1. Which of the residues belonging to the range 159-168 are over 21 Å from the mean Cα position of the chain (by Cα) and either touching a residue at least 60 places away in the same chain (Cβ under 8 Å) or surrounded by 15 or more Cβ atoms within 10 Å (Cβ to Cβ) (or both)?
2. Select, from ARG47, ARG62, the only residue that is in contact with a strand residue (DSSP E or B) (Cβ under 9 Å, 6 or more places away or on another chain) and in contact (Cβ under 8 Å) with a residue 24 or more places away in the chain.
3. One residue is enough: does the range 68-91 have a residue meeting the conditions near the ligand (Cβ under 9 Å from one of its atoms), farther than 18 Å from ILE180 by Cβ and among the aliphatic types (A, V, I, L, M)?
4. Out of the residues in the range 127-151 meeting the condition of being assigned to a helix (DSSP H, G or I) and under 21 Å from the mean Cα position of the chain (by Cα), tell me which one is nearest to the ligand (Cβ to nearest atom).
5. Those residues that are farther than 22 Å from VAL138 by Cβ and outside any loop (DSSP other than H, G, I, E, B), I need them from the range 184-199; list them, please.
6. Tally the residues that are modelled with pLDDT of 95 or more, of a type in the set (A, V, I, L, M) and more than 21 Å from the chain's Cα centre (by Cα), restricting the search to the range 193-222.
7. So, in the range 49-62, exactly how many residues are within 23 Å of VAL136 (Cβ to Cβ) and crowded, with 18+ Cβ neighbours inside 10 Å?
8. Tell me which of these SER166 doesn't satisfy, since it passes every other one: (1) touching a Phe, Trp or Tyr at 6+ places or on another chain (Cβ under 8 Å); (2) within 24 Å of LEU37 (Cα to Cα); (3) among the hydroxyl-bearing types (Ser, Thr, Tyr).
Amino acid sequence: MNALRASEAVGIMGGTFDPVHHGHLVAAEAVRAHLGLDRVVFVPAGRPPHKSDSEVTDERHRYLMTVMATVTNPLFTVSRAEIDRPGPSYTVDTIRAFRQVVGERTRLYFITGFDAVREILTWREPDVFLRLCRVVAVTRPGYPLEEVEALQRRLRAETGTSDPLSILEVPALAISSSDIRRRVAAGEPIKYLVPESVETYIAKMGLYRPGRRDLHEEAVGG
Ligand code: NAP
């Protein structure tokens with residue numbers, strides 16, 4: 001995170017990325033272009049507070065796959081902030097740490113999936129979090145407009161800010177990590193759903209295949 005220079009507008013792309021896929025990449029690029037962001041920093045969740053350890057692949061694999069997936073875009077970087085910070089990965093702590101590095105003048109946008117944003121008022125210190133950044137929820141077309149408007153009203157009331165949440169429709173988000181995990185476990189192809197490097201890494205490490213945990217742990221020194 002030290003390498004993050006102060007800039008006008010920075011996107012922080014939060015997700016478990018288990019695994020990262022083309023939907024995430026297209027969504028990050030769509031938000032970057034739409035808002036004219038200077039860069040997007042992908043932040044793989046270290047220990048997601050709402051998930052058990054056994055539900056989530058080792059963070060070192062998720063981090064490496066995210067690095068491989070983003071390497072070809074000079075405006076994308078990957079942060080180890082949540083991987084290296086001990087304890088549950090509360091987003092407010094991450095945004096606070098970024099805010100300290102970039103200062104007050106840089107606009108910070110936290111980008112993530114709309115389904116995660118639905119629960120935002122249950123996250124740790126939502127009022128602080130929502131004052132530190134704007135939230136951009138990405139979703140496939142056809143999201144429930146009334147629900148979004150109701151959430152926007154609640155967030156405005158909670159934070160006192162006029163525009164705490166934006167929504168961007170991204171058709172490529174028909175791709176999902178859970179479907180990719182299911183496909184690998186069933187021996188189905190994932191070609192073109194993830195970058196080739198990620199596809200190769202998943203196959204080499206035996207990720208998402210029942211009974212291959214020994215290989216995962218050996219590979220990352222666990
Ligand atoms: P999740 O519950 O696994 O995912 C919910 C939905 O959102 C899934 O359909 C998921 O699709 C999608 N999604 C997640 N991240 C996305 C992204 N960056 N771009 C597009 N779609 C995305 O959500 P999660 O990944 O664990 O959490 C999302 C973010 O919210 C993370 O940064 C997490 O740390 C944060 N969060 C914070 C708290 C807290 O601070 N208390 C609580 C919950 C979540 P895919 O599975 O295909 O990605």
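1. THR159
2. Values: ARG47 fails: in contact with a strand residue (DSSP E or B) (Cβ under 9 Å, 6 or more places away or on another chain).
Only one candidate passes the filter, namely ARG62.
3. Keep residues of the range 68-91 that are near the ligand (Cβ under 9 Å from one of its atoms), which gives 82, 88-91.
When the remaining residues are screened for being farther than 18 Å from ILE180 by Cβ, the result is 82, 88-91.
Then keep just the ones that are among the aliphatic types (A, V, I, L, M); that gives none.
No, that holds for no residue.
4. Taking the range 127-151 and keeping what is assigned to a helix (DSSP H, G or I), we get 127-132, 145-151.
Among the residues that remain, those that are also under 21 Å from the mean Cα position of the chain (by Cα) are: 127-132, 148, 151.
Working: ASP127: 13, VAL128: 11, PHE129: 7, LEU130: 12, ARG131: 15, LEU132: 12, VAL148: 14, LEU151: 14 Å.
Only one residue tops the list, namely PHE129.
5. Taking the range 184-199 as the starting set, the residues that turn out to be farther than 22 Å from VAL138 by Cβ are 184-189, 191, 196-197, 199.
VAL184, ALA185, LYS191, GLU196, SER197, GLU199 - these are the residues of the range 184-199 that are farther than 22 Å from VAL138 by Cβ and outside any loop (DSSP other than H, G, I, E, B).
6. The qualifying residues number 2.
7. Within the range 49-62, the subset within 23 Å of VAL136 (Cβ to Cβ) is 49-51, 62.
So of that shortlist, the ones also crowded, with 18+ Cβ neighbours inside 10 Å come out as 62.
So the answer is 1.
8. (1)
The values are calculated or read from the model by the stated rules, or taken from the named source; none is laboratory data. Keep in mind that what you see is a predicted model, and the values were worked out from it rather than measured. When we count neighbours, we look across all protein chains shown, and the Cβ atoms used for this are built from the backbone with ideal geometry, even at glycine.
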